[in-house]
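Have a look at the structure below, then the notes.
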Amino acid sequence: MTGSSLRTLQVLVVEDEASTREELADLLADIPEIGDVYAAESGARAVQLLGANAFDAVFLDISMPGLNGMDVARVISQLSAPPSIVFVTASESHAIEAFGIGAVDYLLKPVRPERLADSVTRVGTLRRAGAGGDEEDGPRDELAVVQIDHGRRTVFVRRDDVQFVEAHGDYIRLHTAQGTHLLRLSLSYLEEIWAPAGFVRVHRGYLVAIDWVHDLRVTSSSGLVACTPAGDVPVSRRHARGLKEQLLEAARSGQLGRAAR
């Protein structure tokens, strides 16, 4: 354990590699908002510490033997007063799942001190607001954001800005008005996570956001397409009827093309 109990936040680092664990703990201890820093070398040890201590945040690796980071996060979600979760991992591929669990942030290794400090600030803001219901609202808001780290550059993509999603090999491509963003994730998984937000499967390789569709059109090259400001999305025969029904319902409720206006 490092740090001073006179500081604000009590945190737990969960990381199976000793050097990485020590480095992250030291970086956290240098941040003024951090008080005590505990460390666990495994998911099982983390669960033990979570049962015996009240933490404000857990900085959690994903790929670990035995109980992995996602397993630990699910345990945390069952606690009566769960700490904030910040995933610290070497892969981008779990970002959507991480925010689906309710993570406050998702950091890629090697962790930059300034990004870590940003995460601590976010945790502190949520904890201070947490006397009422605001603390729980914060993590849920993260469900609407995809964070993509590219070396020294971090891009935050709002789900509401994504007009359609395209399968791209082992990746998916998010299409927005500002451009496209590549993310290592399966289209099927994203379909499951974003379905409540109005994303529907229209083709083996495409999802479209109902709010962004302004009309359907038949073209000579692609057949039926759903038209969005970011481009036309092919619609397969299998999915055509279901899409038309959803668009009709959106039109009745005044939602059709709302995001594109």
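From the protein chains alone at 1.4 Å, what is the descending order of accessible area for R122, R153, largest first?
R153, R122
Would you mind computing, in nm to one decimal, how far apart the modelled labels at R173 and F156 are, each placed 7 Å from Cα along Cα→Cβ?
2.6
Per-residue ellipticity at 222 nm for the chain, helices alone: DSSP H runs ≥ 4 residues times -39500 (n - 2.57), over residue total, nearest 500 deg cm²/dmol?
For the chain, the value works out to -10000 deg cm²/dmol.
What is the Cα centroid distance between the range 160-198 and the range 74-110, reported in whole angstrom?
The two parts, judged by their Cα centres, are 20 Å apart.
For the chain, find the longest principal axis of its Cα atoms and tell me its angle to the long axis of helix 113-128, 0 to 90°, nearest 10.
The helix 113-128 is inclined about 90 degrees to the chain.
How much length is gained if the chain between K109 and D30 is pulled fully straight, taking 0.36 nm per residue apart and subtracting their Cα-Cα distance, in nm to one decimal?
Result: 26.6 nm gained on full extension.
Need the full-extension length gain, R237 to S80, defined as separation in residues times 0.36 nm minus the C-alpha distance. One decimal, nm. Could the numbers behind the result be given before it?
Numbers: separation 157, 0.36 × 157 = 56.52 nm, distance 4.74 nm.
Difference between extended and current length: 51.8 nm.
Give me the net charge of D61's neighbourhood, meaning all other residues with Cβ under 12 Å from the Cβ of D61; Lys, Arg count +1, Asp, Glu -1.
For residues surrounding D61, the net value is -3.
How much accessible area per residue does the range 16-87 have, in Å², with a 1.4 Å probe? Write out the running numbers ahead of the final one.
Values: 3190 Å² over 72 residues.
Normalised by residue count, the accessible surface of the range 16-87 is 44 Å².
Could you check how much of the accessible area of the range 42-135 is carbon and sulfur, as a whole percent, using a 1.4 Å probe?
Its accessible area is 53 percent carbon and sulfur atoms.
Does anyone have the angle between helix 43-52 and the longest principal axis of the chain? Alpha-carbon axes, 0 to 90°, nearest 10?
70
Read phi for every residue in the range 188-203 and hand back ³J(HN,Hα) as whole Hz from Karplus 6.51 cos²θ - 1.76 cosθ + 1.60, θ = phi - 60°, with x for Gly and Pro.
The phi angles translate into 5, 5, 5, 4, 5, 6, 9, 3, x, 8, x, 8, 10, 6, 10, 6 Hz.
As I understand it, the value is the acute angle between the Cα axis of helix 18-29 and the longest principal axis of the Cα atoms of the chain; what does it come to in degrees, rounded to 10?
So the helix axis and the longest Cα principal axis differ by about 80 degrees.
For the range 20-47 and the range 54-72, compute the distance between their C-alpha centroids and round to whole Å.
12
The values are calculated or read from the model by the stated rules, or taken from the named source; none is laboratory data. Predicted model, so just to flag it, every value in this text is computed and none were measured. Glycine also receives a Cβ, built like all others from the backbone with ideal geometry; neighbour counts cover every protein chain displayed. Ligands, DNA and RNA are stripped out before the accessible areas are found, and what is left, the full protein with its side chains, is counted by its heavy atoms. Shrake-Rupley method; radii C 1.70, N 1.55, O 1.52, S 1.80 Å.
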